[in-house]
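The structure under discussion appears below in the form of C-alpha cells.
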Amino acid sequence: MTMTLEKAMTLAMRLLLAGLLLALAATAGATAQVPDRIFIDGREYALNTNPLESRLRGRRDFLPEDVSRSTANWRGYVAHWAIDGDRLLLRRVEVRLYDRESRQSSSVDLLTRLFPEGAPVVATWYSGALIIPDGRLVDYVHMGYGSTYAHYRVYRIAQGRVVEALSMDAEQFRAYRERKFQAFRETAQYREAVADMRKEDSGMSAEDIDGFVRGFHAEQYMGQ
C-alpha cells in the first residue's frame, strides 16, 4: 500500500521532530535546530526540548503569514523560559517577521496572542523533561538536537512544576536516558507508539521503529 501525501508529510515531520533529542542514523536531511532559551540562576542556556509545542497543537494559526522560517527553525519561533523556584515560566515567544518591500526583518514577541494575560506564564500544560546542555560541545550532529555535550542539566517537570533537578556528565546522561527508555518499553504507551508507526505504512523495520520511538518520545519518558 502506498502512503498518501498527507501520511508522508506527517511521517516526515515526525522524523524531523525525533531529532530533538536523539540523532537517528537512518534519518537524513534534517537540520540542526535553533533551540529555545531558558534562564536559570542568573544565566541563560540553550533548551533542547520545546515545552510550548504541546500547547500549540491546533494553534499554528498564531504565527503571522509573514513569519520568517528556515530549515534551522521548523517551529517558526524561539520561546524564552525561566526556572523560578519550582515553577517553569514562559517569558517570551519571539518570531522573525520579514517585510518583502523593505527586505528587512524584525523580531516580535507573540506571547499575548497565546496568553492574553501576559508574561510570565506558568507552564501548567507541560509535563516532561527539560534537557539543557551546559558543557562544551563534544560531537556536532547536523540534525535536530542530536549533538553531544560534556555536561547536562535535566529538569523533570510535572504540570509546570519542577519535581527533580539533575546534573550529569555525558556518560551519565546517556545511561540515564537508556534506563528511562528501557522502562518505557514495558509500558502501554510504548506499545501504542509502535502500533501507530506500523499504521503509517512507512516501510520501517522493527529496529527502525524502536529507534524512532526512542527519539520521538524521549521528552516524555525522561520526564517520568
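Brief remarks on what is shown
- Looking across region 171-224 at every residue that is in contact with a Ser or Thr (Cβ under 9 Å, 6 or more places away or on another chain) and among the charged types (D, E, K, R), the one that is farthest from L47 (Cα to Cα) is identified as D201.
- Test: residue in region 55-66 that is under 24 Å from Y155 (Cβ atoms), at pLDDT 65 or above and among the aliphatic types (A, V, I, L, M): yes
- Residues located in region 102-142, provided they are small (G, A, S), modelled with pLDDT under 90 and in a strand (DSSP E or B): S105, S106, S107
- Any chance E164 is in a strand (DSSP E or B) and surrounded by fewer than 19 Cβ atoms within 10 Å (Cβ to Cβ): yes
- Residue within region 22-32 that is closer than 15 Å to I132 by Cα, open to solvent by less than 70 Å² (accessible area, probe 1.4 Å) and at pLDDT below 75 present: yes
- Candidate set from region 143-161 (those that are assigned to a loop (DSSP other than H, G, I, E, B) and not polar (S, T, N, Q)); member that is surrounded by the fewest Cβ atoms within 10 Å (Cβ to Cβ): A150
- Test: residue in region 168-184 that is surrounded by fewer than 15 Cβ atoms within 10 Å (Cβ to Cβ) and of a type in the set (F, W, Y): no
- Restricting region 167-197 to residues that are small (G, A, S) and in a helix (DSSP H, G or I), the residue that is nearest to R75 (Cα to Cα): A193
- Note on region 36-47: among residues that are without any contact (Cβ under 8 Å) to a residue 60 or more places away in the chain and touching a Lys or Arg at 6+ places or on another chain (Cβ under 8 Å), the one that is surrounded by the fewest Cβ atoms within 10 Å (Cβ to Cβ) is E44.
- Residue in region 111-133 that is at positive phi, free of Cβ contacts under 8 Å to residues at least 24 places away in the same chain and either open to solvent by less than 50 Å² (accessible area, probe 1.4 Å) or of a type outside the set (K, R) (or both) present: yes
- Each residue in region 48-83 was checked for being surrounded by 14 or more Cβ atoms within 10 Å (Cβ to Cβ) and part of a strand (DSSP E or B), and 8 of them qualify.
The values are calculated or read from the model by the stated rules, or taken from the named source; none is laboratory data. Because the structure is a prediction, the values reported are computed rather than measured. Virtual Cβ from ideal backbone geometry, glycine too; neighbours counted across all protein chains shown. Heads up: the accessible areas ignore ligands, DNA and RNA and are worked out on the full protein's heavy atoms, side chains in. Shrake-Rupley method; radii C 1.70, N 1.55, O 1.52, S 1.80 Å.
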